[in-house]
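The values are calculated or read from the model by the stated rules, or taken from the named source; none is laboratory data. Everything numeric here is computed off the predicted structure, so don't read it as measured data. Cβ atoms come from the backbone with ideal geometry, glycine included; neighbour counts cover every protein chain shown.
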Amino acid sequence: MLTAGQSLLRLTVRRIGQAAITLLLVLVVVFLLAHMAPGDPLSGSGDGESFHRISPQREQAIRDLYHLDEPLHRQFILWFGDLARGDLGRSFNDRTPVRDKILQRLPITFGLNLFALVFMISLAVPLGALAAWRPGSALDRWAGASTYGLYAIPVFWAGLLLQILFAVRLGWLPLYGIAGPDAQQLSWWLRMADRAAHLVLPVACLGYGGLAYLSRFVRANLLEGAQAEVKRAARARGLSEWSVVVRHGFRQAAVPMLTLAGFILPALVGGSVIVEEIFAIPGLGRLFVNAVFQRDIPVIMALTLLSGTATLAGILLADLGYLVLDPRVRRG
């Protein structure tokens with residue numbers, strides 16, 4: 001019979017293998033879709049070289065550089081071989097290394113998603129706990145109606161409304177970008193204040209949808225954790241209703257909340273594509289949109305790899321946390 005450690009190790013290896021196979025299939029599908037789109041993959045070149053004006057020799061040299069005359073399966077194998085050596089290729093658009101493009105924009109997207117995650121958790125957990133404290137009360141009904149209403153608003157529409165209200169009409173916050181035109185001339189504190197002002201609307205736009213379902217998720221799991229039997233036993237020990245919900249509810253809700261946490265950050269990364277485009281934020285999301293319009297296949301593949309890895313890593317960490325915290329899953 002396997003010990004708990006051996007069982008956990010076997011399940012971990014199995015989860016990692018499943019994640020690797022899933023990521024490989026995602027990359028194959030995206031690669032085929034990118035190449036099967038109509039038109040020439042190099043037609044979106046942005047370095048000033050039109051393939052109708054350069055010599056046939058120059059055009060053929062560029063095609064040889066990107067292996068565009070090879071069969072699709074051969075192109076994918078060559079791309080995967082370069083990836084195994086740590087080479088993400090060069091952009092079709094400006095011939096710069098894809099790795100440099102990603103490293104330049106990664107801190108912006110990471111910071112935006114990190115602030116959005118803090119915004120969601122700092123509001124959703126107290127709101128869900130308050131709703132679970134008095135289920136069926138006016139506060140609970142108001143919280144449910146408002147969060148469901150927020151969840152139903154499309155991100156692109158919410159972003160435009162926020163821009164119109166707070167940037168155009170009231171003039172309280174910047175309209176777009178991550179810094180003002182004269183930010184480099186300001187002192188460090190004023191630069192940080194300028195950056196924070198530029199992030200308020202994008203962070204709110206990126207986090208309001210997650211705030212809605214996360215608060216309801218917290219409420220549901222707190223109520224499930226603070227069951228009637230637990231409440232009666234806690235009251236017999238002299239604990240208040242709030243203590244029952246917070247102390248016992250959060251303890252029982254830790255496992256499902258950990259599972260949800262594995263999906264939140266990848267979902268934010270996907271949502272940042274729209275938010276970065278609306279607010280003209282030079283992050284990975286906007287880079288991906290530009291790459292799709294320009295058919296910049298090396299950039300598309302690299303960002304798909306990064307996004308897929310982040311998504312599967314979040315799910316994998318949630319699964320492993322579930323295995324560690326709940327022995328019933330290991331026995332199952």
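Data overview
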| quantity | calculated |
| --- | --- |
| Test result for Ile77, part of a helix (DSSP H, G or I), over 21 Å from Ala310 (Cβ atoms) and modelled with pLDDT under 85 | no |
| Residue in segment 130-150 that is surrounded by fewer than 20 Cβ atoms within 10 Å (Cβ to Cβ) and β-branched (Val, Ile, Thr) present | no |
| Which listed residue, of Asp47, Asp69, is touching a helix residue (DSSP H, G or I) at 6+ places or on another chain (Cβ under 6 Å), modelled with pLDDT under 85 and either assigned to a helix (DSSP H, G or I) or within 26 Å of Asn290 (Cα to Cα) (or both) | Asp69 |
| Residue pairs meeting the criteria (Cβ under 9 Å; at least 6 apart or on separate chains; first assigned to a loop (DSSP other than H, G, I, E, B), in segment 81-102; second modelled with pLDDT under 85 and of a type in the set (Ser, Thr, Tyr)) | Gly89/Tyr66; Phe92/Ser45; Phe92/Tyr66; Asn93/Ser45; Asp94/Ser45; Arg95/Ser45 |
| Segment 119-140 residues that are in contact (Cβ under 8 Å) with a residue 60 or more places away in the chain, paired with ones that are crowded, with 18+ Cβ neighbours inside 10 Å and hydroxyl-bearing (Ser, Thr, Tyr) (beta carbon under 8 Å, 6 or more apart) | Leu123/Ser215; Ala124/Ser215; Val125/Ser215; Leu127/Thr147; Leu127/Ser215; Gly128/Ser215; Ala131/Ser215 |
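To keep it simple, each residue is scored yes or no on (1) at pLDDT 80 or above; (2) assigned to a helix (DSSP H, G or I); (3) in contact with a Ser or Thr (Cβ under 8 Å, 6 or more places away or on another chain).
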{"site": "Leu268", "(1), (2), (3)": "no, yes, no"}
{"site": "Glu276", "(1), (2), (3)": "yes, yes, yes"}
{"site": "Ala280", "(1), (2), (3)": "yes, no, no"}
{"site": "Asn290", "(1), (2), (3)": "yes, yes, no"}
{"site": "Val299", "(1), (2), (3)": "yes, yes, yes"}
